[in-house]
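Taking it in order: structure first as structure tokens, then the write-up.
The values are calculated or read from the model by the stated rules, or taken from the named source; none is laboratory data. Bear in mind the structure is a predicted one, so any value in this text is a computation, not a measurement. Backbone-built Cβ (ideal geometry, glycine too); neighbour counts: all protein chains shown.
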């Protein structure tokens with residue numbers, strides 16, 4: 001099927017450029033992205049329109065949702081528009097989607113992850129063939145919450161290249177660290193890929209006012225260089241608390257790797273005061289126009305990863321064959 005890729009307004013310019021250039025490289029063509037126009041109305045509503053014929057095409061809608069009030073609605077509209085335009089297949093490619101609430105963890109709250117995914121399913125209902133790609137979702141069971149075929153992608157190979165640059169490929173003193181039990185599998189994966197002697201896990205608790213506290217760290221860390229791995233940096237409160245505990249227990253240097261840099265509220269101030277050498281985030285969330293401190297935060301592009309995954313799906317090749325995907 002003819003390949004069409006639409007990158008929504010929630011995505012960064014670097015992500016868009018990375019997707020386009022990678023597909024052009026793999027297809028050995030002058031591949032160009034398909035344009036989608038958004039019209040804003042005075043009452044705050046938005047209407048999207050795909051600007052070219054996509055009938056029978058293999059269509060990929062790439063959209064990150066922050067801020068969700070607008071960008072999630074734009075995502076749904078683009079998916080439905082492609083489905084109603086008789087595309088041969090419609091795939092939602094989600095660099096970042098805010099689906100962290102996967103259960104009722106307190107009385108009288110919704111399961112917002114289910115609401116988001118049900119809305120995506122409904123938007124795709126008219127599509128004859130539909131698919132979803134996630135980039136490092138907050139919880140892996142997301143694949144079981146949506147009644148569609150899915151792929152999960154990870155920026156592992158990009159972060160491994162950064163780790164090589166930091167250490168000169170000498171990982172003898174490197175210690176992958178998970179902020180909590182939820183990130184333990186992530187730290188264990190990098191422990192295996194880097195060939196480090198061990199990895200560590202933080203014992204994170206939250207107080208009544210939702211402040212993160214690291215009670216202890218499981219693992220031997222004295223004199224080591226800590227590589228903290230997590231999926232999201234939101235306000236960076238957990239990272240700051242973990243860095244303080246690592247310093248207290250004798251770690252030498254601290255680097256942070258996180259796929260999604262939300263960087264909300266006091267995140268920058270928290271990171272600047274945490275004694276961290278460098279923070280690496282991908283461009284899954286747009287910071288176009290933001291003044292991020294370049295001496296502290298480095299953006300690692302992931303557009304080429306998404307571009308290759310799109311090309312592989314379009315040509316019926318294995319997604320798992322992409323270097324850095326987790327072993328199933």
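Of all residues in the range 65-84, those satisfying the criterion of being within 21 Å of residue 314 (Cα to Cα) and either in contact with a helix residue (DSSP H, G or I) (Cβ under 9 Å, 6 or more places away or on another chain) or buried (at least 18 other Cβ atoms within 10 Å of the Cβ) (or both) are 75, 78, 79, 80, 81, 82, 83.
Scanning for something buried (at least 18 other Cβ atoms within 10 Å of the Cβ) and farther than 28 Å from residue 325 by Cα, does the range 36-47 turn up at least one residue? Spell out the reasoning first.
Step one: list which residues in the range 36-47 are buried (at least 18 other Cβ atoms within 10 Å of the Cβ), which gives 36.
Now narrow it down to the ones that are farther than 28 Å from residue 325 by Cα: 36.
Yes, the range 36-47 has at least one match.
Selection of the range 265-289 for residues being within 28 Å of residue 9 (Cα to Cα) and either part of a strand (DSSP E or B) or touching a strand residue (DSSP E or B) at 6+ places or on another chain (Cβ under 9 Å) (or both) yields 267, 268, 271, 279, 280, 281, 282, 283, 284, 285, 287. As for the range 291-306, it holds no residue that is crowded, with 23+ Cβ neighbours inside 10 Å, at pLDDT 95 or above and closer than 23 Å to residue 181 by Cα.
Here is a yes/no grid of residues against (1) assigned by TED's automatic domain parsing to the domain that holds residue 310; (2) surrounded by fewer than 17 Cβ atoms within 10 Å (Cβ to Cβ); (3) in a helix (DSSP H, G or I); (4) free of Cβ contacts under 8 Å to residues at least 60 places away in the same chain:
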{"residue": "120", "(1), (2), (3), (4)": "yes, no, yes, yes"}
{"residue": "134", "(1), (2), (3), (4)": "yes, no, no, yes"}
{"residue": "143", "(1), (2), (3), (4)": "yes, yes, yes, yes"}
{"residue": "166", "(1), (2), (3), (4)": "no, no, yes, no"}
{"residue": "176", "(1), (2), (3), (4)": "no, no, no, yes"}
{"residue": "187", "(1), (2), (3), (4)": "no, no, yes, yes"}
{"residue": "201", "(1), (2), (3), (4)": "no, no, no, yes"}
{"residue": "205", "(1), (2), (3), (4)": "no, yes, no, yes"}
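Screening residue 192 on (1) free of Cβ contacts under 8 Å to residues at least 12 places away in the same chain; (2) closer than 17 Å to residue 218 by Cβ; (3) in a helix (DSSP H, G or I) shows it passes everything except condition (2). Evaluated against (1) buried (at least 20 other Cβ atoms within 10 Å of the Cβ); (2) touching a strand residue (DSSP E or B) at 6+ places or on another chain (Cβ under 9 Å), residue 116 falls short on exactly one condition, (2).
Before we move on, is residue 154 within 17 Å of the chain's Cα centre (by Cα), crowded, with 18+ Cβ neighbours inside 10 Å and closer than 30 Å to residue 89 by Cβ? The answer is yes for residue 154. No other residue among 59, 132, 162 is under 17 Å from residue 36 (Cα atoms) and modelled with pLDDT of 95 or more apart from 59.
Residues of the range 23-47 being in a loop (DSSP other than H, G, I, E, B) and in contact with a helix residue (DSSP H, G or I) (Cβ under 8 Å, 6 or more places away or on another chain), which ones? Selection gives 30, 31, 32, 33.
One residue alone among 46, 62 is outside the structural domain of residue 263 (by TED's automatic domain parsing) and under 20 Å from the mean Cα position of the chain (by Cα), and that residue is 62. Residue count for the range 292-318 under the criterion of being farther than 22 Å from residue 257 by Cβ and in contact with a helix residue (DSSP H, G or I) (Cβ under 9 Å, 6 or more places away or on another chain): the result is 7. Give the residue that is surrounded by the fewest Cβ atoms within 10 Å (Cβ to Cβ), with candidates limited to residues of the range 48-64 that are in contact with a helix residue (DSSP H, G or I) (Cβ under 6 Å, 6 or more places away or on another chain) and under 19 Å from residue 309 (Cβ atoms). The residue in question is 58.
Going by the conditions given, is residue 260 within 24 Å of residue 100 (Cα to Cα), in contact with a strand residue (DSSP E or B) (Cβ under 9 Å, 6 or more places away or on another chain), surrounded by fewer than 23 Cβ atoms within 10 Å (Cβ to Cβ) and in contact (Cβ under 8 Å) with a residue 40 or more places away in the chain? Criteria not met by residue 260.
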